[in-house]
Amino acid sequence: MRIVVLAGGIGGARFLRGLRKAVADGTGGGPDATTITVVGNTGDDITLFGLRVCPDLDTVMYTLGDGINTTNGWGRADETFTIREELAAHGQESLWFTLGDRDFATHIMRTAMLNEGLPLSAATESLCRRWDLGMRLLPMTDDPVETHVVVDDDGTERDLHFQEWWVRHRAALPARAIYGAGAEAAAPAPGVLEALEEADFVLLPPSNPVVSVGTILSVPGLREAVAAKTVVGVSPIIGAAPVRGMADACLAAIGVETSARAVAEHYGPDLLDGWLVDTVDAEVAASGVTGISVRSRPLYMTDDDATADIAREAIAMARKIVGAAR
Ligand code: GDP
Ligand code: CA
């Protein structure tokens, strides 16, 4: 079985841990019979202190590699902040984005490789070699794409890098628009279209529909390649709120209501074949969404076992849809 997953940061990474466990426990014939390819979001990437930082790729890498700070869901475990303290002493201003010493080493290694002329996909592969991910992690593109947010700052329109809006302003400035700078000119990274071509189905983890999955789908050619497959998604919205983070602010910016139904309708039946919603949203499964099969079950990724159960259900749903289409 070949599975492709489009992943953002925390929600994507946690789902992938569960998916890896589900596959290892025999769902789909065990780990040797199944390959998982992750297409990671790079729209959150930012250059700080001359270093290229790829927050979502690193969150996936650290989470699958058991190197993540499990409390925050981002950054390294057993982290120290000496470099940050020194930068503060130098009066550096970009300290709103927290980087620890261990994390800095990742960005130094990545930047060195990029400066040598390696594409991001090769640098990512090299960084992943240190960790035992149990799956392949590809950036969505090797080209620079940066998510920007047009905000209303007391009546004045300003264009901010996504991280500045999200981390520095905690998404508090109302967003008028969200766009991927450079997206139109980007191409899928090597291996992405091939993995999609060979995939039995695609899973969308409960990642942010706008700035994680939406950004990945904005790379020319990707949406079509994904839509050509059976796609099953897990809702990041439970009830009327994101489980974690401020995805509601992103959905509001593109005029989509914060609900499991609205997100499914936003993805649309041309993209999405199956949709898992939480039991509190059982009404969505009962009344249905046109062109998409919907099932409800608990969707809190409280630990790897609970998440593996969610992943098993997503796989079962995808296989059923694939089987029915044959
Ligand atoms: P980010 O890049 O770190 O923001 O992470 P993602 O885009 O991958 O995922 C963010 C989304 O994960 C948020 O919209 C959350 O609502 C969702 N999320 C986090 N934890 C859970 C969970 O336990 N269950 C579900 N269903 N969604 C979750
Ligand atoms: Ca992210």
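Taken together, the values in this text are just the output of simple stated rules run on the coordinates, not laboratory data. Because the structure is predicted, anything quoted here is derived from the model rather than measured. In this analysis, Cβ positions are derived from the backbone assuming ideal geometry, glycine residues included, and neighbour counts consider all displayed protein chains.
Regarding the range 152-162, can at least one residue be identified that is of a type in the set (D, E) and touching a residue at least 40 places away in the same chain (Cβ under 8 Å)?
No, there is no match, as no residue in the range 152-162 is of a type in the set (D, E) and touching a residue at least 40 places away in the same chain (Cβ under 8 Å).
Could you please let me know if R20 is of a type in the set (D, E, K, R), over 19 Å from M109 (Cα atoms), crowded, with 19+ Cβ neighbours inside 10 Å and away from ligand 1 (no atom under 13 Å from the Cβ)?
Here the answer is yes, as R20 does meet what is asked.
For the range 53-87, give me the residue count where each residue is closer than 20 Å to A112 by Cβ and within 15 Å of ligand 2 (Cβ to nearest atom).
The number of residues fulfilling the criteria is 7.
To keep it simple, each residue is scored yes or no on (1) exposed (fewer than 14 other Cβ atoms within 10 Å of the Cβ); (2) touching a helix residue (DSSP H, G or I) at 6+ places or on another chain (Cβ under 8 Å); (3) within 24 Å of V192 (Cβ to Cβ).
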position: V226; (1), (2), (3): no, yes, yes
position: P236; (1), (2), (3): no, yes, yes
position: A240; (1), (2), (3): yes, no, no
position: E265; (1), (2), (3): no, no, no
position: I310; (1), (2), (3): no, yes, no
position: A324; (1), (2), (3): yes, no, no
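Conditions tested, residue by residue: (1) under 15 Å from the mean Cα position of the chain (by Cα); (2) assigned to a strand (DSSP E or B); (3) over 20 Å from Q163 (Cα atoms).
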{"residue": "L173", "(1), (2), (3)": "no, no, no"}
{"residue": "R176", "(1), (2), (3)": "no, yes, no"}
{"residue": "P190", "(1), (2), (3)": "no, no, yes"}
{"residue": "E194", "(1), (2), (3)": "no, no, yes"}
{"residue": "V202", "(1), (2), (3)": "yes, yes, yes"}
{"residue": "P209", "(1), (2), (3)": "yes, no, no"}
{"residue": "G214", "(1), (2), (3)": "yes, no, no"}
{"residue": "P220", "(1), (2), (3)": "no, no, yes"}
{"residue": "A225", "(1), (2), (3)": "no, no, yes"}
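Return yes or no: is D32 touching a residue at least 40 places away in the same chain (Cβ under 8 Å), out of contact with any strand residue (DSSP E or B) (no Cβ under 9 Å at 6 or more places or on another chain) and within 30 Å of R312 (Cβ to Cβ)?
Values: touching a residue at least 40 places away in the same chain (Cβ under 8 Å): no; out of contact with any strand residue (DSSP E or B) (no Cβ under 9 Å at 6 or more places or on another chain): yes; within 30 Å of R312 (Cβ to Cβ): yes.
No, not satisfied.
For the range 262-302, name all the residues that are assigned to a loop (DSSP other than H, G, I, E, B) and more than 10 Å from ligand 1 (Cβ to nearest atom).
Matches in the range 262-302: G268, P269, D270, L271, L272, D273, G288, T290, G291, R297.
Given the conditions (1) touching an Asp or Glu at 6+ places or on another chain (Cβ under 8 Å); (2) closer than 30 Å to D142 by Cβ; (3) within 13 Å of ligand 1 (Cβ to nearest atom), report the number of the one that G239 does not fulfil.
Going through (1) touching an Asp or Glu at 6+ places or on another chain (Cβ under 8 Å); (2) closer than 30 Å to D142 by Cβ; (3) within 13 Å of ligand 1 (Cβ to nearest atom) one by one, G239 breaks only (2).
Scan the range 167-176 and give yes if some residue there is under 26 Å from G65 (Cα atoms), buried (at least 21 other Cβ atoms within 10 Å of the Cβ) and of a type outside the set (D, E), otherwise no.
No, the conditions are met nowhere in the range 167-176.
So T37 ticks every box in (1) away from ligand 1 (no atom under 16 Å from the Cβ); (2) touching a residue at least 60 places away in the same chain (Cβ under 8 Å); (3) assigned to a loop (DSSP other than H, G, I, E, B) but one. Which box is left unticked?
(3)
Looking at the range 107-148, which of its residues are within 26 Å of D78 (Cα to Cα), polar (S, T, N, Q) and more than 19 Å from the chain's Cα centre (by Cα)?
T111, S126
Where the second residue is surrounded by fewer than 19 Cβ atoms within 10 Å (Cβ to Cβ) and among the β-branched types (V, I, T) and the first is more than 18 Å from I46 (Cα to Cα) and lies in the range 174-186, which pairs have Cβ atoms under 9 Å and are six or more apart or on separate chains?
Going by the 9 Å Cβ cut-off, the qualifying pairs are A175/V150; A175/I254; R176/V150; A177/V150; A177/I254.
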